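Read the structure below first, then the notes.
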Amino acid sequence: MNADVHDLCGRPIIVGAGAAGLMTALRLAPEPVVLLTKAPLGVESSSVLAQGGLAASLGADDSPELHVADTLAAGDGLCDEAVVRRVVEAAPHAIDALRRLGLALDCAPDGTPLLGLEAAHSRRRIVHAAGDATGRELVRALVAAVRRMPSITVLEGMDVRRLLVEDGGIVGVVAVGNAGAVALASDRVVLATGGVGGLFADTTNPLGSFGQGLSLAARAGAALADLEFVQFHPTALDTPQRPMSLVSEAVRGEGAVLVDGHGRRFLADTPGAELAPRDVVARAVWKELAAGRQVFLDARQCLGHRFAARFPRIAQLCREAGIDPAVEPIPVRPAVHYHMGGVAVDGDGRSSVPGLWACGEVASNGLHGANRLASNSLTEAVVSAAWVAKSVAAVSPRGNRRRLPAIVPTQPDPAPVRPIVSKALGIVRDGEALRTAVAALLPLAESCDAASDPAAVALMMAVAAFERDESRGSHCRSDFTQRNRLACRSRLTLGEAMKTASAIAEPATPFARSA
Ligand code: SIN
C-alpha cells in the first residue's frame, strides 16, 4: 500500500460492493467515501446473481398494506412490523430513483414496469430487468453511477480482515491488498458484505460469501441477530457446479410446477402449492429428495418455447447443463440462498458498536423475520442504504492514522467448516446434530488458523439454532416440531456464543474432562 491510501483516512469506509454497498456510497455523495471490495467492481456479489427482481407495490390492484401483510405472513411471527412498513412504503419511490440512476426495467409499451409474481406474494409486484438478469442490470447501473461519482474512491482487491476498536468504538479497518496489509483509520465503517452461503456445500451465493462481515462485526464485539434463520431456495439447478445456478421463483410464478420423476405434482394439495412460502416449498422438495426421488421443475406447459424469451439467463444456464427447458423438465434441489440473520441493527443500520453500521444481507433489522419474502432483499438493500447513509453522515469524523496490529489475520478459509455446517444446519435440524457441530466448531473458532473466522460465524449460527427449541419459518427442528407460543428474535455476541457453546458441547465429550 502507498501513501495515497493513508490520505483517505477519516472518510467513511464501506466494505462490500453489492447493491447495498454501492447504493450506500452513492447516497453518501458528495461526502468523500472509500469503497473496499475484494473482487473487481460489479463482478462477484449475490446482487449480481439475483434473477427475480425487486418487490414494490406498484400494481393497480396492489398497496403497501398488502405488501406488508405478505411480508409479515412469510416472516412467521418474527418480523419487526415498523421496519417492514417503513421499507415497503419506501419501495415504490426507490424504484423510481433507480430508474433515474439508469436501471432499465422491463416495461410495457406505455413505460410502466412489468410485474412478476413470486412465492407468497398475493399480487404481481416484482419489477425485473433483462428478463431474469435483474441483479446484473441493477449492479451495472449502480457501478456506472459510482464510477461517475468523484466523491467515491473504489479500492478493488481489498480483503478486510479486522475492524480496529478502541474504547468500544470503531477506529479503522485492517485490509490486505495486492501491495500488502494496510490500516485505514475511520470511525465510520459500513459493512455490506452479503451472506453466508459459502459456508454450505450447496449454495447459490458466490463461494466467497462465507460470512466475513459477520466475523468482522462479531470480533469487534457487535451483537448478531437471528443467525439460525437460513433461507434455502427450493429450485437451484441440480448439477455438480458450485455455486449452483438459480432457477428463479418467477418461473413458478409463470405457472411451472414441481414434479417427481413420475411427473407427480407433490405440492398440489399444499395451500399455495408451488407458490407457498419458500420454507414450505424447500422442505417439500427436500423430503422428496430424502426419500430417494428426483425433483424437477416443469415449465413445458406454461411456457414451452416462450421460456427463453421470458427467462433468457436461466435458459442459457440450462442449455450449458445440457437441458432444454422448453421441452424437458429441469432437475432442481434446494440450496442456501439468503441469510435472514445478520449484524443486529436498528432501522438506520446502526450496530451495537459505535461507529459500525451494516446494510443489506449482512444486517438483520427485523424486516425478514424467520423467512424472507422473495425479492424483498434487493428492495431492502436499496431502500435502507439511504437511511444508513443519512445516519453515517450525521456523525462527525475524528479519524487519524492507525498502525497495523502486530498480527494481521491470515486469509480465511471456510473449507474445514463447510461439511460441519452443511450437515447440522440444513433444512431440517436436530439437537444432537447441532451439539456435535458446536463441539467440532468451538476449537476451530478458538484457533488462530485460517478456519477460525468462518468457524466463529458457524459456531454462532449453530448455537442460535440449538437454542431455538421450536420450528418457525426456515428453522425446522425435527425434535421441536411446534412453534413456541411467544415469538422472539435471537441475539448473541461472540463472547456469549463461546460460553454457551462450551456448555452445549460438554455432554458430547464426557471423557475429555476426566482425561
Ligand atoms: C428468485 O428469483 O427466485 C430469487 C428471488 C429472491 O431470492 O428474492
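Descriptive notes on the structure:
- Within region 108-121, being closer than 19 Å to PRO234 by Cα and either outside any loop (DSSP other than H, G, I, E, B) or not charged (D, E, K, R) (or both) holds for GLY116, LEU117, ALA119, ALA120, HIS121.
- Any hit, region 329-347, residues being charged (D, E, K, R), in contact with a strand residue (DSSP E or B) (Cβ under 7 Å, 6 or more places away or on another chain) and under 26 Å from SER186 (Cβ atoms): no
- Number of positions in region 1-25 that are buried (at least 23 other Cβ atoms within 10 Å of the Cβ) and outside any loop (DSSP other than H, G, I, E, B): 10
- Scanning region 30-55 for residues that are part of a loop (DSSP other than H, G, I, E, B), of a type outside the set (D, E, K, R) and either closer than 18 Å to GLY208 by Cα or open to solvent by 30 Å² or more (accessible area, probe 1.4 Å) (or both) yields PRO30, PRO32, ALA39, PRO40, LEU41, GLY42, VAL43, SER45, ALA50.
- Region 308-381 holds strands (runs of 3 or more DSSP E) entirely within its bounds, and those carrying 3 or more residues that are at pLDDT 95 or above, within 12 Å of the ligand (Cβ to nearest atom) and within 30 Å of HIS262 (Cβ to Cβ) map to 330-339.
- Within region 242-266, the set of residues being surrounded by fewer than 22 Cβ atoms within 10 Å (Cβ to Cβ) and among the hydrophobic types (A, V, I, L, M, F, W, C) comprises VAL257, VAL259, PHE266.
- Pick from region 72-113, criterion in contact with a Gly (Cβ under 8 Å, 6 or more places away or on another chain) and β-branched (Val, Ile, Thr), ranking: surrounded by the most Cβ atoms within 10 Å (Cβ to Cβ): VAL84
- Sole exception among (1) crowded, with 24+ Cβ neighbours inside 10 Å; (2) of a type outside the set (S, T, N, Q); (3) under 30 Å from PHE232 (Cα atoms) for ALA201, by number: (1)
- Taken over region 56-71, the criterion of being open to solvent by less than 20 Å² (accessible area, probe 1.4 Å) and of a type in the set (Gly, Ala, Ser) is satisfied by ALA56, SER57, GLY59.
- The number of residues in region 135-158 that are open to solvent by less than 20 Å² (accessible area, probe 1.4 Å) and in a strand (DSSP E or B) comes to 1.
- Close pairs (6 angstrom Cβ cut-off, 6 or more residues apart or separate chains): within 16 Å of the ligand (Cβ to nearest atom) in region 96-121, open to solvent by 50 Å² or more (accessible area, probe 1.4 Å) anywhere: ASP106/LEU114; LEU115/ARG124; LEU117/ARG124
- Scanning region 485-500 for residues that are farther than 25 Å from ASP346 by Cβ and at pLDDT below 95 yields a total of 1.
- With a requirement of 3 or more residues that are among the charged types (D, E, K, R) and under 23 Å from GLU361 (Cβ atoms), the helices (runs of 4 or more DSSP H) lying completely within region 176-290 that satisfy it span 278-290.
- Residue pairs meeting the criteria (Cβ under 6 Å; at least 6 apart or on separate chains; first within 17 Å of ALA358 (Cα to Cα), in region 368-381; second open to solvent by 10 Å² or more (accessible area, probe 1.4 Å) and within 7 Å of the ligand (Cβ to nearest atom)): LEU378/ALA50
- Enumeration of residues in region 382-406 that are under 16 Å from ALA344 (Cα atoms) and within 16 Å of the ligand (Cβ to nearest atom): SER384
- The selection criterion, being touching a helix residue (DSSP H, G or I) at 6+ places or on another chain (Cβ under 6 Å), at negative phi, more than 15 Å from the ligand (Cβ to nearest atom) and at pLDDT 95 or above, holds for VAL295.
The values are calculated or read from the model by the stated rules, or taken from the named source; none is laboratory data. No experiment lies behind these values; they were computed from the predicted model shown. Here the Cβ is made from the backbone with ideal geometry for all residues, glycine too, and neighbour counts use every protein chain on show. Please note that ligands, DNA and RNA were not included when accessible areas were found on the heavy atoms of the full protein model with its side chains. Shrake-Rupley method; radii C 1.70, N 1.55, O 1.52, S 1.80 Å.
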